[in-house]
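In what follows, a single structure is set out as structure tokens and then discussed.
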Amino acid sequence: MKRKLIAAIGVAGMVVGIAACGSEGGKGGDKAGADVKELTVWLTVDAQNNWPELVKAADDAVVRKHPGLTIKHEFYGWPDKNAKLDAVLATDKAPDVVEMGNTEMLGYVVNGAFAEIDPKQFEQSDAWLDGLKESVSYGGKTYGVPYYAGGRVGNWRKDVAAEAGVKAPPKTYAELTAALDRIQAEKGPKFSAWYQPSPDWYAAMSFVYDAGGAIAEQEGDRWKAGLSSPESLKGLNEYKKVLDTYMKADKTKDESDRYIVYGQGNAGMIFGAAWEGATAEDPKNDKTGKLKGNLENFVMPGPSGGNLPVFLGGSDLAIPVKSDAQAVAVEWINAFTGAQGQKGLVAKGNLPNNKADLAPLKSDPKTAVPAIAAESSWFVPMAPGWGQVEKAQILKTMLQEIGTGKKSVEEAAKAADEAIDKVINTK
Amino acid sequence: MSAADTSTAKVSPARPPAPPGTGQTARGRGGQGQRGVRRRRRGGGGAGLPWALLAPCLLVLLLVLGYPLARLVTLSFQKFGQPQLWGFQEPESVGFGNFTRILGDGEFWSVVVRTVVFAAGAVVLTMVLGMLIALLLQRVSGWVRTLINIALVASWGMPVIVATAIFKWLFDTDYGVLNWLLSRLPGVDMSGHNWFAGGPEGLTVIMLLVVWGAVPFVAITLSAGLTQVPRELEEAARLDGAGAWGVFRYVTLPVLKPIIVMLTTLSVIWDMGVFPQVFVMRGGHPEAEFQVLTTYSYDKAFVVNDYGGGSAIALVTVLLLLGVVAVYMRQMLRIGEAE
């Protein structure tokens, strides 16, 4: 067993390893980078797993214009992505293009990590989706390019619904809960009629926004947490009811392996990203073989009567200030996220980064559900300290405590509000 | 048999095992302690030679430990976040700011208490189990002893991360084999029981994992020590009417005491510094109730990007451990003297 004397020293070593490089940054060199030999692009594993051919196409297009250019790719997973990025930005070997989750952008922009860009250089920038456009803007300037968006949809098993005598997907929240009640009764207490991981704040906050609440609201130029408002509490209580009634599995697990759990056959429904259903019925994940052909996406109805506002997730691409090939980086991003690229991304079940491409999706039965669901959406507060709220897992902690019943909804919300207020206004 | 004899006899097994399980520092410090003493004893001519021989080792230690430690100390007195890390802003000194902030934070103290309780529990369990296994090893036949030793070495040799992942599966709420097994017992329904819903229960599971990984070293070292307990002393005690407990309490324990003190201090140091077990078991994001000093420091530095605050926590941890290290050093020096 290889144990360290004091892990603290190890941690210290890591701090130092990174910090030691801290002072060397900012050499930059030729920022225009007309004669660069190498471009480094960091994308998340989604691109590697799901649309590597689009990456290749963008590479080819750029290399055609710059013969002799090598494009290096690194693909990183979401959980450790930011620690890695923090470390590399401390060196002068920063990548030239990085993918950021749209909620993560702001924290880095505020601290000056990314170069300002001119949106006019990018195709369809005048039609970028509002939620994504907001995520790349700060103080009236633009620091990134929307890459793709992802809506959230309900997805259930038609075979399970049919067993309980339910034929059609629900149109209203009352229909949804009635159907889930019948499924739960039919399948017994070990089956989750709706597999909803408690800490999944994207789902929980949909209930909060549906009830008219908000995570935080702006008062003047200050942000104030709002989870204890009567509206927010109403949403959280509804969420708690869902967990108590339909969620029979591990209440501390987060949503990262939801499609795997779904594939194991002990759940009737999920509310997640549009691709999760499709991935769950992949033979790799479909352990019982019953999912294939039995899954159905539907627009989630909300308790307040309309469609449940969904979190408009997505990714942006940004150019680190320290990149020495910014001009070529712009070209690569354009080749990757331009009209051609969007076509490819949409074919993979994503939403495009712009309204022009989104419109036709609503009338195509194959893409209508996520496209319509995305019409009613919410986004995180664009507050300078939002990144810290997310990093400190304040919402996840609160929801887990609510889910496991460790705290009442009111207590958990109050504690979360206090924690949010502490960091949300600090850079 | 004189006191000096016994103590030398039981010391020899103690020293070799110390390095394998130990990190660089323990080995370095232990080594320095012993050699320092030896030099003093032999004294006299050629005082430069030992230093020359030590130099490469010292140099490596200085680079590997000294430099990070120096940076740790500087960092803990600075405001150091992302802009400083990336070189956009110069780090500014904040004096004892980081420390007063941490020491005034109730959360920090609850983490300290949790860490101490966790480490104490793990150490006591490790030592008791290790001693029981060592005693058992003495009394079983040769091939059983070999089997037990193989099992011990195998669990010792398993990488922490792998072991943690396996424990995670064992204790899984929905698919864990433990819940399934317990549910087989009549009248018990543990299916869907969540072992990690609460901090105390979850940390107990993690403690089991830590103990499981630490027992082999303790057991093997103690069983080596036990072979040095003079039979005639035990026999004499028995003739005087001592039972099994009496022999253990008044003969075995006193003879083993130096080894036990050393193993305990080492265990305290290791168990206070547990990191991967907690970190991996909680999926890289330990909940507030699972935070121990190491993960808390990591969290502050690398997740919330307060590198100054994280360093300050690490430094306080080091200071807390210095007391334990002192006990360990004293024991090592004493062993040196006895030689």
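The values are calculated or read from the model by the stated rules, or taken from the named source; none is laboratory data. Quick caveat, the model's predicted, so the values are computed rather than measured. With ideal geometry, Cβ positions are generated from the backbone for all residues, glycine too; neighbour counts draw on all protein chains shown. To get the accessible areas, we keep the full protein, side chains included, count just its heavy atoms, and leave off ligands, DNA and RNA. Shrake-Rupley method; radii C 1.70, N 1.55, O 1.52, S 1.80 Å.
Of the residues making up segment A:70-91, those that are within 20 Å of A:Ala325 (Cα to Cα) and either modelled with pLDDT of 90 or more or at the interface with chain B (Cβ under 9 Å from one of its Cβ atoms) (or both) are A:Thr70, A:Ile71, A:Lys72, A:His73, A:Glu74, A:Phe75, A:Leu85, A:Asp86, A:Ala87, A:Val88, A:Leu89, A:Ala90.
Being over 19 Å from A:Asn307 (Cβ atoms) and either of a type in the set (D, E, K, R) or at pLDDT 95 or above (or both) is a property that A:Lys224 has. All of (1) within 14 Å of chain A (Cβ to nearest Cβ); (2) under 18 Å from B:Thr264 (Cα atoms) hold for B:Leu129 with one exception: (1). Yes or no: B:Val113 within 14 Å of chain A (Cβ to nearest Cβ), within 26 Å of A:Lys391 (Cα to Cα), part of a helix (DSSP H, G or I) and not aromatic (Phe, Trp, Tyr)? No: the conditions fail for B:Val113. The number of residues in segment A:174-189 being assigned to a helix (DSSP H, G or I) and open to solvent by less than 30 Å² (accessible area, probe 1.4 Å) comes to 5. Per the listing B:Pro56, B:Pro83, B:Pro50, the residue uniquely more than 26 Å from B:Val205 (Cα to Cα) and within 14 Å of another protein chain (Cβ to nearest Cβ) is B:Pro83. Scanning segment A:140-154 for residues that are more than 18 Å from the chain's Cα centre (by Cα) and either among the aromatic types (Phe, Trp, Tyr) or farther than 17 Å from A:Ala127 by Cβ (or both) gives A:Gly140, A:Lys141, A:Tyr143. Evaluated against (1) farther than 28 Å from B:Val116 by Cβ; (2) open to solvent by 20 Å² or more (accessible area, probe 1.4 Å); (3) outside any helix (DSSP H, G or I); (4) of a type outside the set (D, E, K, R), B:Trp245 falls short on exactly one condition, (3). Taking first residues from segment A:44-56 that are closer than 13 Å to A:Ala335 by Cβ and partners that are modelled with pLDDT under 90 and crowded, with 20+ Cβ neighbours inside 10 Å, the Cβ contacts under 8 Å between residues at least 6 apart in sequence or on separate chains come to A:Leu54/A:Ala47; A:Leu54/A:Gly341; A:Leu54/A:Leu345; A:Val55/A:Ala47.
Note on segment A:125-161: residues that are farther than 22 Å from A:Trp201 by Cα and among the small types (Gly, Ala, Ser) amount to 7. Counting only helices (runs of 4 or more DSSP H) that fall entirely inside segment A:220-330 and contain at least 3 residues that are in contact with a Ser or Thr (Cβ under 9 Å, 6 or more places away or on another chain) and in contact (Cβ under 8 Å) with a residue 40 or more places away in the chain, the qualifying elements are A:230-246. Any residue at all in segment B:66-79 that's open to solvent by less than 50 Å² (accessible area, probe 1.4 Å) and away from chain A (no Cβ under 13 Å)? Among the residues of segment B:66-79, not one is open to solvent by less than 50 Å² (accessible area, probe 1.4 Å) and away from chain A (no Cβ under 13 Å), which makes the answer no.
A quick yes/no check of all residues on (1) of a type in the set (S, T, N, Q); (2) surrounded by fewer than 16 Cβ atoms within 10 Å (Cβ to Cβ); (3) in a helix (DSSP H, G or I):
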| position | (1), (2), (3) |
| --- | --- |
| B:Met127 | no, no, yes |
| B:Gln138 | yes, yes, yes |
| B:Val144 | no, yes, yes |
| B:Ile148 | no, no, yes |
| B:Leu152 | no, no, yes |
| B:Trp156 | no, no, yes |
| B:Val162 | no, yes, yes |
| B:Ala165 | no, yes, yes |
| B:Lys168 | no, no, yes |
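Checked against the criteria, B:Asp271 does not count as within 29 Å of B:Thr173 (Cβ to Cβ), in a helix (DSSP H, G or I), more than 8 Å from every other protein chain (Cβ to nearest Cβ) and open to solvent by 20 Å² or more (accessible area, probe 1.4 Å). Of the residues making up segment A:392-422, those that are at the interface with another protein chain (Cβ under 9 Å from one of its Cβ atoms), open to solvent by 40 Å² or more (accessible area, probe 1.4 Å) and either part of a helix (DSSP H, G or I) or in contact with a Pro (Cβ under 6 Å, 6 or more places away or on another chain) (or both) are A:Lys396, A:Thr397, A:Thr404.
Listed conditions (1) out of contact with any helix residue (DSSP H, G or I) (no Cβ under 7 Å at 6 or more places or on another chain); (2) more than 10 Å from every other protein chain (Cβ to nearest Cβ) are all met by B:Met158, apart from (2).
Counting only residues that are open to solvent by 50 Å² or more (accessible area, probe 1.4 Å) and assigned to a helix (DSSP H, G or I), segment B:94-109 holds 6 of them.
Go through segment A:376-391 and count every residue that is open to solvent by 30 Å² or more (accessible area, probe 1.4 Å) and of a type in the set (A, V, I, L, M). Adding up the residues that qualify gives 1. Of the residues B:Leu315, B:Leu293, the single one that is at the interface with another protein chain (Cβ under 9 Å from one of its Cβ atoms), under 17 Å from the mean Cα position of the chain (by Cα) and open to solvent by less than 40 Å² (accessible area, probe 1.4 Å) is B:Leu293.
One line per residue, one yes/no per condition, for (1) open to solvent by 10 Å² or more (accessible area, probe 1.4 Å); (2) under 20 Å from the mean Cα position of the chain (by Cα):
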position	(1), (2)
A:Glu38	yes, no
A:Ala57	yes, no
A:Pro79	yes, yes
A:Lys84	yes, yes
A:Lys93	yes, no
A:Val97	no, yes
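Scanning segment A:250-262 for residues that are open to solvent by less than 20 Å² (accessible area, probe 1.4 Å), within 11 Å of chain B (Cβ to nearest Cβ) and not charged (D, E, K, R) yields A:Thr252, A:Val261.
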